[in-house]
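Read the structure below first, then the notes.
Rule-based calculations on the coordinates, nothing more; no lab input. What you see is a predicted model; the values in this text were computed from it and never measured. Note that each Cβ is placed from the backbone with ideal geometry, even for glycine, and that neighbours are counted across all protein chains shown.
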Amino acid sequence: MKTELVIASSPTDAGISCWNLHTGAEHLRFKTCSSPPHGLASVAGRFLASSQIRDPKSSSGSILYWSWNKPQVEVKSFPAGPVKPLLSNSEGTYIVGGGISGGIYLWEVATGNLLKKWHAHYRGVTQMVFNDDQSLLISGSEDGCVRVWSLFKIFGGANREEAKNLYEYSFHEHTLKVTDIKIGCGGCNAIIVSASEDRTCKVWSLSTGELLRNIVFPSIIDAIALDPWEHVFYAGGRDGKIYIAALNAPGTSNSSYGLHIIGSLSEHSKAITCLASSADGSLLVSGSEDGMIRVWDTKRRNITRVFRHAKGPVSNVLVVRRPQHLNPGTSTNTQASSLRGYGWPLPPPLQKYANSVDENAYIKAFISPQSASNKLLDDSYISVQTMEKLIKELQKQGSSAAAELDVERLKMVIMLKVPMVDICVVDDEF
């Protein structure tokens, strides 16, 4: 079994804590971190990144990087506008930030280049997730809206007039702020679970855009975790309880909590703020405003371990695989010295603005006409790997030479991967 780490942060300046999930051994405590909910990310296990908003009234914010071998911040970035939720794709090639103004920023990690920014919501972005094949980005907002974005279209260079067509779905059934989003497996056939301050969690079909289930809870839900087998999901309430909701059970329930709610876990003294699951789903990790992090055995529904992060609330918990160079059982005092010379060099800071006026010359792809019976999100959908190759080609050539790319050669590359896609080069205004 792969060793997993629990990583936790706080909205106050309490740093980042890191423990071995299975043994309880503490690793480094990282300093100087005040991360909002969903503002902490492990970038492909190579380093940690966190958004920072120290003053809610401020018009500025930052994104900080920590390597595994130093407790101090090593890289600081300052986006054009403050971001709260922060997300990395599984390979660590991109970082996505959700702005408090409703915009979404997408950077390339290796270069720090700002590849794309678009106006995604009318109010601040609260949460973002990728689907498992990384082709779609799902975002939630303070306006109660959940939207599904096609990276194919985002990188296709649609202009501002076409921006309304960049999303595949826009769900407006929540009446208050979206607090969390989780997505299951299955690519474009997955389910999406969204939570809101309206005390509901809603289950959506990604393939059809239909609302499959609406579950009303006794409390506002701020955090959800999806069982890897997708039989149930866990919903952390402001009343300190973690509710267990059925995804596949019939529409009846013997629970006193309500329809589809089959049980609860209760030990925290204050609101549940964040949830995470081990890879096999046997352990559930919960963080709370009481400053405690509890590890639950999901089968027996009892607590197996308790961690104390620091004074003040916990805003984020992550469960990640332990990097190979991070020695298990090493004490906090000796961890830094034992890791010197190991790990990956950190990438440069993220750009505040684009490099040049023509940096948004992207490859635009059009899906050939299909029969009415075919869904938009089907097997002909371009993969993110193909998109990445096109972007790297543009970067090699230089943005000023984008219009002179060998279009026929690029067409051949795409034809081999996605037979139904035609390519042309367009200039897009940011």
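Brief remarks follow.
- Cβ-Cβ distance of Ser207 and Lys270, R₀ of 41 Å, FRET efficiency by 1/(1 + (r/R0)^6): the value works out to about 0.60.
- Computed label-point distance, nm, for sites Arg29 and His231 using a 7 Å Cα→Cβ extension: 3.9 nm
- With each label modelled as a point 7 angstrom along the Cα→C-beta vector, the Asn248-Cys185 pair spans 1.2 nm.
- Estimated FRET transfer efficiency (Asp132, Asn302; beta-carbon r; R0 30 Å; 0.05): 0.50
- Virtual paramagnetic centre 7 Å along Cα→Cβ of Arg123, amide N under 14 Å, in segment 162-203: 172-180, 196-199
- Too-long pairs where the Cα-Cα distance tops 26 Å, listed order kept, from Lys31/Lys202; Lys202/Lys270; Lys2/Lys84; Lys116/Lys182: Lys31/Lys202; Lys2/Lys84
- Summarising the label geometry, the points placed 7 Å from Cα in the beta-carbon direction at Ala44 and Glu74 lie 1.5 nm from one another.
- Over every Cα atom in segment 4-338, the radius of gyration and the widest Cα-Cα span, Dmax, amount to 19.0, 57 Å.
- Along its three principal directions, the equivalent ellipsoid of segment 170-310 from the Cα gyration tensor extends over semi-axes of 23, 16, 15 Å, largest first.
- Förster radius 25 Å - calculated FRET efficiency between Ser90 and Ser60, Cβ distance, rounded to 0.05: 0.25
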